[in-house]
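The values are calculated or read from the model by the stated rules, or taken from the named source; none is laboratory data. Small disclaimer: the values here were computed from a predicted structure and weren't measured. In this analysis, Cβ positions are derived from the backbone assuming ideal geometry, glycine residues included, and neighbour counts consider all displayed protein chains.
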Amino acid sequence: MTVASLTERDVDKPTARYISTRGNGAPTTFDDALLTGLAPDGGLYLPMAWPRLSAEHLVPHHPRSYADLAHAALSPFVGEALSAQEVTTAIDHMVAGFRHAAVTPLKQIDEDLWLLELFHGPTLAFKDCAMRLMARLAPAALAKTGEDLLLITATSGDTGAAAVNAFAHAERIRLVVLHPEGRVSPVQHKQMTTVDAPNVLNLAVAGDFDDCQRMVKALLADPQLGRGARVSSVNSINWGRLAGQIPYYLAACRALDGPIRAITPTGNFGDAFAGWVARAMGAPIAAITAAVNQNDALARVLETGVYTRCPAQPSASVSMDVQAPSNFERLVFEASQRDAAVTTQLFADFAERGQARLPEGLHAALREEVHAIAVDEASTHAEIARTFQLSGDIICPHTAVGVAAARALPREGPPRVVLATAHPAKFPGAITAALGAPPPTPDAIAALDDLPVRAVSIAPDIEIAKAAIDTRWA
Ligand SMILES: *Cc1c(COP(=O)(O)O)cnc(C)c1O
């Protein structure tokens with residue numbers, strides 16, 4: 001066993017006990033946080049303390065594999081909830097789904113500017129990393145209690161594709177994905193609906209993404225729904241999703257031998273918060289920049305100290321069209337020195353009035369933790385074209401938001417590492433608009449063309465959704 005001593009020392013330590021950002025309830029375990037998702041008081045789970053990585057994990061070019069690095073990073077969060085072997089099995093499963101030997105390779109595209117390619121997994125977006133881990137960790141946790149789990153999630157595309165792919169045939173788990181009919185990209189639609197698995201149900205809702213999200217909320221609140229099974233979701237409020245995104249930040253620091261500046265294209269601030277955690281664990285990340293599109297609530301609150309809700313406007317980087325980033329709550333909790341009262345008040349105000357003002361000290365503290373840069377649609381398109389001209393690389397619109405933000409940072413400083421969150425082939429429309437031709441289609445996508453679509457079309461009505469779920473697993 002090559003896992004470092006830190007793993008053994010920290011078992012059953014505060015790093016494996018979870019508290020809510022709203023401050024209520026007794027601390028719980030990793031498996032409970034994983035299977036519950038949102039804490040019962042409406043807050044988000046975080047470990048009671050952050051583990052520290054030992055220096056050996058960050059030694060440059062260490063022969064330790066991605067899987068070993070991931071094991072060292074994740075074990076302190078798991079504690080005694082699962083065995084080391086169960087964690088190893090989950091990580092090996094995750095890695096086996098990736099088509100690149102480095103799993104998340106770095107690619108240089110300019111002087112001191114790198115892409116951290118997170119899209120070599122089965123559905124060509126970074127969500128594969130954490131979703132594949134969860135699809136093995138969750139059944140292991142369920143086996144301990146003999147429970148079953150019903151997962152319900154709304155998607156605008158990437159989450160559903162990654163979840164269906166990862167959870168298909170997972171033991172003890174059924175997955176229901178609601179997507180807005182006709183409003184997800186053709187590639188995402190195929191990835192989601194062509195998987196033939198007895199535990200997966202796609203619901204194509206005649207409505208928009210907000211309808212889907214509203215229905216999921218109502219379904220999750222329905223005590224009858226699971227019929228005795230646990231009921232949860234797989235969006236990035238789930239601690240498991242975040243934890244699975246920590247290792248690639250460590251891998252980037254190690255590969256570049258020292259401090260980096262991380263630039264993360266962000267919607268719900270999940271992937272960016274994983275970078276914050278990596279830094280809290282000791283990774284040499286000099287600065288974290290959240291790159292947002294025209295839906296810039298996060299950039300505005302950091303700029304002005306006022307958190308305001310406004311309707312999301314559709315953009316080319318669709319997976320970032322979010323105006324109330326759910327993981328912002330985790331950042332507020334941390335920046336307020338884990339003040340649950342302040343956190344609760346802020347998000348209660350925001351929920352009630354659609355606007356909340358940060359206390360002065362908190363605003364300053366948040367600005368110490370992260371930066372945010374907003375990139376508009378014209379600049380996103382221009383960046384796809386510029387990067388192609390400069391280095392020949394075709395980047396997806398989400399990645400382009402990150403690259404444009406990175407180029408706006410000062411050149412001097414540690415290497416700028418942009419998280420490349422999806423493969424360009426998932427978004428041929430945006431690429432064609434920017435470059436005049438679509439990107440090449442990878443075999444993994446072309447192979448889906450002839451497969452039958454498996455989805456049930458429903459009206460945006462919760463009773464109809466419940467009936468569809470009951471029928472599927474009658
Ligand atoms: C989900 C997604 C994002 C946003 O991730 P968050 O964790 O919500 O910040 C960015 N890019 C792509 C391609 C995505 O699928």
What are the residues in the stretch 177-186 that are buried (at least 24 other Cβ atoms within 10 Å of the Cβ) and either within 13 Å of the ligand (Cβ to nearest atom) or farther than 17 Å from residue 320 by Cα (or both), if any?
-> 177, 178
Considering the stretch 287-302 alone, what residues qualify as being under 24 Å from residue 417 (Cβ atoms) and without any contact (Cβ under 8 Å) to a residue 60 or more places away in the chain?
-> 295
Any idea how many residues of the stretch 298-327 are at pLDDT below 95, more than 12 Å from the ligand (Cβ to nearest atom) and among the hydrophobic types (A, V, I, L, M, F, W, C)?
-> 2
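Which is surrounded by fewer than 22 Cβ atoms within 10 Å (Cβ to Cβ), touching a Gly at 6+ places or on another chain (Cβ under 9 Å) and over 23 Å from residue 270 (Cα atoms), of 196, 148?
Working: 196 fails: touching a Gly at 6+ places or on another chain (Cβ under 9 Å).
Selected residue: 148, the only one of 196, 148 that is surrounded by fewer than 22 Cβ atoms within 10 Å (Cβ to Cβ), touching a Gly at 6+ places or on another chain (Cβ under 9 Å) and over 23 Å from residue 270 (Cα atoms).
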Does residue 224 satisfy the condition of being of a type outside the set (Ser, Thr, Tyr), modelled with pLDDT under 95 and surrounded by fewer than 14 Cβ atoms within 10 Å (Cβ to Cβ)?
-> yes
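Here is a yes/no grid of residues against (1) assigned to a loop (DSSP other than H, G, I, E, B); (2) surrounded by fewer than 17 Cβ atoms within 10 Å (Cβ to Cβ):
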site: 64; (1), (2): yes, no
site: 69; (1), (2): no, no
site: 74; (1), (2): no, no
site: 80; (1), (2): yes, yes
Hey, can you tell me all the residues within the stretch 390-434 that are among the hydroxyl-bearing types (Ser, Thr, Tyr) and within 11 Å of the ligand (Cβ to nearest atom)?
-> 399, 421
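Restricting attention to the stretch 420-447, which residues are over 25 Å from residue 315 (Cβ atoms) and either in contact (Cβ under 8 Å) with a residue 24 or more places away in the chain or not in a loop (DSSP other than H, G, I, E, B) (or both)? Give the steps one after another, and end with the answer.
Initially, the stretch 420-447 is screened for residues over 25 Å from residue 315 (Cβ atoms), giving 443-444, 446-447.
Correct list: 443, 444, 446.
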Boolean, residue 376 is in contact (Cβ under 8 Å) with a residue 12 or more places away in the chain, within 16 Å of the ligand (Cβ to nearest atom) and among the charged types (D, E, K, R) | no
Counting only residues that are assigned to a helix (DSSP H, G or I) and closer than 19 Å to residue 217 by Cα, the stretch 162-181 contains a total of 1
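What residue, of 133, 116, is outside any helix (DSSP H, G or I), on the phi < 0 side of the Ramachandran plot, of a type outside the set (Ser, Thr, Tyr) and within 16 Å of the ligand (Cβ to nearest atom)?
On the way: 133 fails: outside any helix (DSSP H, G or I).
Step by step, each of 133, 116 is checked, and only 116 is outside any helix (DSSP H, G or I), on the phi < 0 side of the Ramachandran plot, of a type outside the set (Ser, Thr, Tyr) and within 16 Å of the ligand (Cβ to nearest atom).
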One residue from 258, 270, 240, 282 being away from the ligand (no atom under 12 Å from the Cβ) and more than 21 Å from residue 71 (Cβ to Cβ) = 258
Log entry, pairs with first residue in the stretch 327-338 being over 16 Å from residue 357 (Cβ atoms), second being in a helix (DSSP H, G or I) and within 16 Å of the ligand (Cβ to nearest atom), beta carbons closer than 6 Å, six or more apart or on different chains, reads 327/270; 327/273; 330/273
Using beta carbons and a limit of 9 Å, which pairs, at least six apart or on different chains, have the first residue in the stretch 149-171 and over 21 Å from residue 33 (Cα atoms) and at pLDDT 95 or above and the second one among the basic types (Lys, Arg) and crowded, with 24+ Cβ neighbours inside 10 Å?
-> 161/127; 161/426; 165/132
Search the stretch 67-78 for residues that are β-branched (Val, Ile, Thr) and pair each with any residue that is surrounded by 23 or more Cβ atoms within 10 Å (Cβ to Cβ) when their beta-carbon atoms are under 6 Å apart and the residues are at least 6 apart or on different chains.
-> 78/30; 78/87
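Within the stretch 285-297, take every residue that is near the ligand (Cβ under 10 Å from one of its atoms) and small (Gly, Ala, Ser) and give me the one that is nearest to residue 49 (Cα to Cα). Steps first, answer last, please.
Within the stretch 285-297, the subset near the ligand (Cβ under 10 Å from one of its atoms) is 290-293.
If we keep only those that are small (Gly, Ala, Ser) too, we end up with 290-291.
Values: 290: 24, 291: 27 Å.
Taking the candidates together, the pick is 290.
Just checking, how many residues over the stretch 136-161 are under 20 Å from residue 208 (Cα atoms) and either within 16 Å of the ligand (Cβ to nearest atom) or in a helix (DSSP H, G or I) (or both)?
Looking only at that region, the number is 9.
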